[in-house]
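Here is the structure we will look at, set down as structure tokens.
The values are calculated or read from the model by the stated rules, or taken from the named source; none is laboratory data. Worth saying up front: this structure is predicted, and the values here are computed from it rather than measured. Here Cβ is always computed from backbone atoms with ideal geometry, including for glycine, and neighbour counts include all displayed protein chains. In case anyone asks, the SASA skips ligands and DNA or RNA and just uses the protein heavy atoms, side chains included. Shrake-Rupley method; radii C 1.70, N 1.55, O 1.52, S 1.80 Å.
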Amino acid sequence: MTGEVAVAAGGCHLFSGCGFPAPGQQDFKFDTLFTIGAWHVTKPELLAILCALIVIAFFWAAFRKPKMIPGKTQSLGEMAVVAVRDQIIRPQLGSKGDKYLAYISAMFFWILLCNLVELVPVLQFPVMARIGFVLPMVVIMYVLYWYQG
């Protein structure tokens, strides 16, 4: 009976006997961190922008001054792009898909980094779990697919 009281009072936790409460919609509502004009920036939006900036900064640092004998950053960037080309684009689209290499590489690493943010202890939220981030990407890809077809 104490477990039911704890649940009704909102004090249900792992050791109160009521079990672990299932996550609900309240876990996906974020408070505004700060505002820019009419835009109220939340944690997922900030993480998505941060991930995009990290991807842009990495590829900019890797390819801003390409050399014939690449350094460490350029080698890592080249390996990443070649991996996307050889493991994702070429098996699906063939060599004609190489013209989409920059777009697909950027999207791949942005989505990967957004999902890896979940593992960072302070951040701990997979940005791509929000439909507001996934739906525009799906619409863009679907329209691009129609246009190319």
Among helices (runs of 4 or more DSSP H) entirely within the stretch 56-149, at least 2 residues that are of a type in the set (A, V, I, L, M) occur in 72-84, 101-116, 131-148
Residue pairs qualifying under the 8 Å Cβ cut-off, at least six apart or on distinct chains, with the first in the stretch 36-48 being among the small types (G, A, S) and the second being open to solvent by 30 Å² or more (accessible area, probe 1.4 Å), are A48/F133
In the stretch 77-115, anything out of contact with any helix residue (DSSP H, G or I) (no Cβ under 6 Å at 6 or more places or on another chain), more than 20 Å from V138 (Cα to Cα) and surrounded by 14 or more Cβ atoms within 10 Å (Cβ to Cβ) is listed as E78, A80, R90
All conditions in (1) in a helix (DSSP H, G or I); (2) open to solvent by less than 80 Å² (accessible area, probe 1.4 Å); (3) at pLDDT below 95; (4) of a type in the set (V, I, T) are true of V7 except (2)
